[in-house]
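Quick note: the coordinates plus some simple rules give every number you see, no bench work behind them. Owing to the predicted nature of the structure, the values given are computational and were not obtained by experimental measurement. Here the Cβ is made from the backbone with ideal geometry for all residues, glycine too, and neighbour counts use every protein chain on show.
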Amino acid sequence: MDVLYKYIPEHAVPLCFELIKANRVHLKIVNERITRHGDYRRDTDGSHIITVNFSQNQYRFLITLIHEIAHLVAFEKYGRRIKPHGDEWKMTFQRLMVPFIRPEIFPSNLLPLVARHFRNPKASSDTDTTLALALKQFDPVNDKNYVFEIPYGSTFRIHNGKIFKKVALRTKRIECLELATGKVYLFNPNAEVELLS
C-alpha cells in the first residue's frame with residue numbers, strides 16, 4: 001500500500017489497494033513505453049500480472065491501473081472470448097471507476113472531464129482529446145506537442161527519430177508524410193511529437 005502513495009492520489013490508495021488484493025494482482029511498475037500506458041496478462045500459473053508505466057502524473061497512472069484491472073475483472077466474469085475493449089470491458093471499467101470520480105481524488109478542473117469520459121470509455125484515454133490535454137497539464141514539463149496542436153505544413157520528429165510533415169485531417173486521424181520515404185501515415189491527434197519547423 002505504501003508504494004501506491006507514490007503513484008496515485010492519496011484518497012484513491014485504499015480503494016486501489018482493495019481492488020489489487022481482491023483480484024490477486026501482481027502489480028509491476030515499469031519504465032515508460034511508447035506504445036502503451038499499461039497491460040494485463042494472466043501468467044501460465046494463473047496469476048494476474050498488471051504492468052503500468054512509471055508516471056509522475058498520478059491521475060493518468062490511476063486511470064491506467066483501473067483500465068487494466070477492468071480487463072482482468074471482465075475476462076474473469078465474461079470469459080476470455082470477449083473483445084478486449086468491448087461492451088463487457090466498458091461496463092466493467094465504468095463500474096470500477098465510479099468510486100474514484102470524486103473531488104477528493106481528481107482536481108475540480110479535471111473531474112468533469114473524467115466523468116464525461118466514463119460515460120462511454122474508449123480503449124485509451126489518449127483518444128479523448130479533451131481529457132488527454134487536461135491530463136497533460138499534470139505531466140512533467142517537456143518539449144513535446146500533440147500532432148493536432150501544430151500547424152499544417154509543419155515538420156516534426158517522433159520518438160524513433162523519423163521526420164514527418166503534417167499534411168491533412170482525415171475524419172479522426174491526421175495524415176502525415178514521412179520525409180525520408182514519401183510514405184503517408186495516419187497519426188492519432190494526441191500523438192506527442194517534437195516540433196521542428
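Using only Cα atoms and rounding to the nearest 10 degrees, what angle (0 to 90) does helix 13-22 make with the longest principal axis of the chain?
So the helix axis and the longest Cα principal axis differ by about 70 degrees.
Computed over the Cα atoms, what is the radius of gyration of the chain divided by 2.2 N^0.38 Å, N being its residue count? Can you show the working numbers first?
Numbers: Rg = 18.1 Å, N = 197, 2.2 N^0.38 = 16.4 Å.
Rg over 2.2 N^0.38 Å, computed on Cα atoms: 1.11.
Longer than 18 Å from Cα to Cα, which of Lys83/Lys172; Lys144/Lys183; Lys122/Lys183; Lys90/Lys172; Lys144/Lys165 are they? Say none if no pair is.
Details: Lys83/Lys172 22 Å; Lys144/Lys183 23 Å; Lys122/Lys183 29 Å; Lys90/Lys172 21 Å; Lys144/Lys165 16 Å.
Violating the 18 Å limit, Cα to Cα: Lys83/Lys172; Lys144/Lys183; Lys122/Lys183; Lys90/Lys172.
Can you check what the net charge comes to around Asp139, using other residues whose Cβ is under 14 Å from the Cβ of Asp139 (Lys, Arg +1; Asp, Glu -1)? If you can, show how the numbers build up before the last one.
Working: positive: Arg60, Lys136, Lys144; negative: Glu32, Asp126, Asp143, Glu192.
Its environment carries a net charge of -1.
Quick one: Karplus J couplings for region 184-193, per residue in order, coefficients 6.51, -1.76, 1.60, θ = phi - 60°, nearest Hz, x for Gly and Pro?
Each residue's phi maps through the Karplus curve to give 9, 10, 9, 10, 5, x, 9, 5, 8, 9 Hz.
Translational D (Stokes-Einstein, µm²/s) of region 80-197 at 37 °C and 0.692 mPa s when Rh comes from the Kirkwood sum over C-alpha pairs?
Details: Rh = 16.2 Å.
Once the numbers are plugged in, D ends up at 202 µm²/s.
Determine the calculated [θ] at 222 nm for the chain from helices alone, applying -39500 (n - 2.57) to every DSSP H run no shorter than 4 residues and normalising by the residue count; nearest 500 deg cm²/dmol. Please list the in-between numbers first.
Details: 5 runs with 57 residues, N = 197.
So the helix-based figure for the chain works out to -9000 deg cm²/dmol.
Roughly how many debye, to the nearest 20, is the charge dipole of region 64-174 about its Cα centre, given +1 on each Lys and Arg Cβ, -1 on each Asp and Glu Cβ, and no other charges? Intermediate values should be presented prior to the final figure.
Values: 19 positive and 10 negative charges, 112 e Å.
In debye, rounded to 20, region 64-174 gives about 540.
Could you size up the charge dipole of the chain around its Cα centre, putting +1 on the beta carbon of Lys and Arg and -1 on that of Asp and Glu, and report it in debye to the nearest 20?
Numbers: 29 positive and 21 negative charges, 134 e Å.
Dipole about the Cα centre, nearest 20: 640 debye.
Out of Ser125, Ile29, Ala180, whose Cα points farthest toward the positive end of the dipole of the chain (charges: +1 Lys, Arg; -1 Asp, Glu; placed on Cβ)?
The Cα lying farthest towards the positive end belongs to Ala180.
Net charge within 14 Å of Gly79 by Cβ-Cβ distance, Lys/Arg positive one each and Asp/Glu negative one each, not counting Gly79 itself?
On the way: positive: Arg42, Lys77, Arg80, Arg81, Lys83; negative: Glu76, Asp87, Glu88.
With Lys, Arg at +1 and Asp, Glu at -1, the net is +2.
Could you work out how far helix 58-78 tilts from the main Cα principal axis of the chain, as a 0 to 90 degree angle to the nearest 10?
Taking Cα atoms only, the helix is inclined about 60 degrees.
Given region 145-195 reduced to its alpha-carbon atoms as identical point scatterers, what log10 I(q)/I(0) does the Debye formula return at q = 0.20, 0.22, 0.23 Å⁻¹?
-0.56, -0.68, -0.75
Quick check: the angle from helix 87-97's long axis to the longest principal axis of the chain, C-alpha only, nearest 10 degrees?
Helix 87-97 sits at roughly 70 degrees to that axis.
Per-residue counts of other Cβ atoms within 10 Å, averaged by peptide: what ranking do you get for 136-143, 119-126, highest first? Provide the component values of the computation, followed by the final result.
On the way: 136-143: 10.2, 119-126: 15.1.
Result, highest mean first: 119-126, 136-143.
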